[in-house]
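Have a look at the structure below before the remarks.
The values are calculated or read from the model by the stated rules, or taken from the named source; none is laboratory data. Values in this document were obtained by computation on a predicted structure and should not be read as measured data. Please note: Cβ atoms are built from the backbone with ideal geometry, for glycine as well, and neighbour counts cover all protein chains shown. With ligands, DNA and RNA removed, areas are computed over all heavy atoms of the protein, side chains included. Shrake-Rupley method; radii C 1.70, N 1.55, O 1.52, S 1.80 Å.
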Amino acid sequence: MNWNIETGKQISMAISIVVMILMVIKYRKTGKENLFFIIGYLLFSLIDISCYFYFKLTNLPTDIFYVIGFLMIVFFLYLLYYYQLLYVPMLKKIQTIILILFVLNIVVMFYTEDDLLHHFSFNMLYADILLLLFSIILFLYQTFNSDKVLEIKNYLPFWISVSLMIFFIGSIPILFFRTTVSETIYFFILFMLNLISNGILILGLIWNKQER
């Protein structure tokens, strides 16, 4: 397969920068309800871009930045984002349990994983993804049983949820079989998932209308 991995990474970073700029421009229209997601997305994008150049310059491992910044802080912000969006009492209680499970998972990983901070834990990533996907399901259940479904096109949290689901559901198989597929195919699939996910996010930011 003729695919340049470095070019793909650079295009992905460029797209992330476009999304970040759009988030800043559209901040007043996105509303405070999306603040946790925006902070999480900005943080992950900045970590990813910084680590890319840091590794290029120093050739030193960057696992610690992804473990702390992505697996712990970014996913916590995403889960907190859905906690804030949920207003149905039962669903909010379930989301509270999910947040507790997230913290417990970090504690367990520190005991079960050797030198957690210095190697990227895929087990921790799988657990984080499952918790996030369950949070999204709770939110979508709430949304499709409310009046917001009538203006779903202009509801940014819906497009954020679709974007996250496509990226993380799509990435689970390729992450699981990462050792059996070629590096080229692995990064190409991640690139396409990133492209589709960010494309949906851009549409959501453009179509979003702030509630009065």
Would you please give the FRET efficiency between Leu150 and Met20, computed as 1/(1 + (r/R0)^6) with r the Cβ-Cβ distance and R0 = 22 Å, to the nearest 0.05? 0.15
Can you give the translational diffusion coefficient of region 1-92 in µm²/s, computed by Stokes-Einstein from the Kirkwood radius over Cα pairs at 4 °C and 1.567 mPa s? 86
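Going by the alpha-carbon gyration tensor, a ≥ b ≥ c the square roots of its eigenvalues, is the chain rounded (a/c under 1.5) or, if a/c is not under 1.5, prolate (a/b greater than b/c) versus oblate? Mind showing how you got there, number by number?
Values: a/c = 1.79, a/b = 1.29, b/c = 1.39.
Oblate, because a/c is 1.5 or more while a/b does not exceed b/c.
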Going from most exposed to least, what order do Tyr81, Tyr87 have by accessible area with a 1.4 Å probe? Tyr87, Tyr81
Nearest-ten-degree value, helix 89-112 long axis tilted from longest Cα axis of the chain: 10
Calculate, in nm to one decimal, what Tyr54 and Ile5 gain on full extension: separation in residues at 0.36 nm each, minus their alpha carbon distance. 15.9 nm
Integer Hz, Karplus 6.51/-1.76/1.60 couplings in order for region 26-31, x for Gly and Pro: 8, 4, 5, 8, 7, x
Heavy-atom accessible area ranking, 1.4 Å probe, most first, across Met109, Met124: Met109, Met124
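Suppose accessible area is computed on protein heavy atoms with a 1.4 Å probe; arrange Asp48, Asp115 from highest to lowest. Present the calculation step by step, with values, prior to reporting the outcome.
Numbers: Asp48 55, Asp115 95 Å².
From most accessible down to least: Asp115, Asp48.
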Helix 156-176 versus the longest principal axis of the chain: what angle, 0 to 90°, nearest 10, using Cα atoms? 30
Accessible area per residue for region 1-154 in Å², computed with a 1.4 Å probe and the full protein assembly in place, what is it? 56
Rounded, prolate or oblate (a/c below 1.5 giving rounded, otherwise prolate when a/b exceeds b/c) for region 124-166 by Cα gyration tensor: oblate
Could you derive backbone 3J(HN,Hα) for region 15-22 from the dihedral phi with the Karplus parameters 6.51, -1.76 and 1.60 (θ = phi - 60°), listing whole Hz in sequence and x where the residue is Gly or Pro? 5, 4, 5, 4, 5, 4, 4, 5
So how tilted is helix 122-143 from the main axis of the chain? Cα-based, degrees 0 to 90, rounded to 10. 20
Spin-label point model (7 Å from Cα, Cβ direction): what's the Ile94 to Tyr126 distance in nm? 2.3
Heavy atoms only, probe 1.4 Å: what % of the accessible area of the chain goes to carbon and sulfur, would you let me know? 70
Could you tell me which of Ile25, Leu101, Phe44 has its Cα farthest along the dipole of the chain towards the positive end, charges placed at Cβ (Lys, Arg +1; Asp, Glu -1), taken about the Cα centre? Ile25
From a point 7 Å beyond the Cα of His118 in the direction of its Cβ, which residues of region 48-64 have a backbone N at a distance under 15 Å? 60-64
